[in-house]
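For reference, the structure is listed below as structure tokens.
The values are calculated or read from the model by the stated rules, or taken from the named source; none is laboratory data. Since the model is a prediction, treat every value here as computed from it, not as a measurement. Here the Cβ positions follow ideal geometry from the backbone for every residue, glycine too, while neighbour counts run over all protein chains shown.
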Amino acid sequence: MDTVENKVDAKGRVSLPSDWRAIVKDSDSEIVCYRSLSAPCIEGCLEDMLEKLATEMENSLDFFSEEQDDLSNLIFGDAKRYPFDSTGRIMLSEKLLKHAQITNSAVFVGKGRKFQIWNPDNWAKEEQRIREKLLKTRPSLKLSRDNG
């Protein structure tokens, strides 16, 4: 759902994009964020998506396996609810901001039922890497920076 860059204030507050504020208001859930396992960014979704992930992990992994334990520790042990204030801002923790190397601004990248929050420079590099990778594997896509 779009890519939006917003300012981050000195307290770590950043405006949640309006599309996501509307989704939260229409649902009976809250925004949950945690450190990405695969990139220097923050993962965000509705709380009910995290519940679906827990169910999926329970159904696909041995409940007592090391893999299930590791994923549970890193995702659920790190996840926290982030309600937004009357102006639509969430206050991200220092731990999340440090992981994503976010200081003055943040880029929200829509990913369907979840989103990521990136440092703008890191997102620009990641977006370029993805485009180059896709062009190598699917040259007919003819991706450019402007028609994302």
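Would you be able to say whether some residue in the range 54-71 is under 23 Å from Asp2 (Cα atoms), polar (S, T, N, Q) and surrounded by 14 or more Cβ atoms within 10 Å (Cβ to Cβ)? The answer is no, given that none of the residues of the range 54-71 is under 23 Å from Asp2 (Cα atoms), polar (S, T, N, Q) and surrounded by 14 or more Cβ atoms within 10 Å (Cβ to Cβ).
Checked against (1) of a type outside the set (D, E, K, R); (2) modelled with pLDDT of 95 or more; (3) outside any loop (DSSP other than H, G, I, E, B), Ser140 passes all but a single condition, namely (2).
Would you check if Lys125 is in contact (Cβ under 8 Å) with a residue 24 or more places away in the chain, under 22 Å from Asn6 (Cβ atoms) and in a helix (DSSP H, G or I)?
On the way: in contact (Cβ under 8 Å) with a residue 24 or more places away in the chain: no; under 22 Å from Asn6 (Cβ atoms): yes; in a helix (DSSP H, G or I): yes.
Criteria not met by Lys125.
Within the range 31-47, residues that are over 21 Å from Phe84 (Cβ atoms) have Cβ atoms under 9 Å from residues that are charged (D, E, K, R) in these pairs: Leu37/Glu43; Ala39/Glu126; Pro40/Glu126, counting only partners at least 6 apart in sequence or on another chain. Scanning the range 101-117 for residues that are in a loop (DSSP other than H, G, I, E, B) and touching a Phe, Trp or Tyr at 6+ places or on another chain (Cβ under 8 Å) yields a count of 1. Scanning the range 86-103 for residues that are in contact (Cβ under 8 Å) with a residue 40 or more places away in the chain and among the charged types (D, E, K, R) gives Arg89, Glu94, Lys95.
Within the range 104-122, being surrounded by fewer than 13 Cβ atoms within 10 Å (Cβ to Cβ), over 17 Å from Asp48 (Cα atoms) and in contact (Cβ under 8 Å) with a residue 24 or more places away in the chain holds for one residue alone: Asn104.
Set side by side, the residues Leu134, Leu92, Leu97 differ, and just one is aliphatic (A, V, I, L, M) and surrounded by fewer than 16 Cβ atoms within 10 Å (Cβ to Cβ), which is Leu134.
Listed by first and then second residue, the pairs with beta-carbon distance under 9 Å, at least 6 apart or on different chains, first residue in the range 49-62 and within 20 Å of Arg81 (Cβ to Cβ), second surrounded by 14 or more Cβ atoms within 10 Å (Cβ to Cβ) and of a type in the set (D, E, K, R), are Met49/Lys114.
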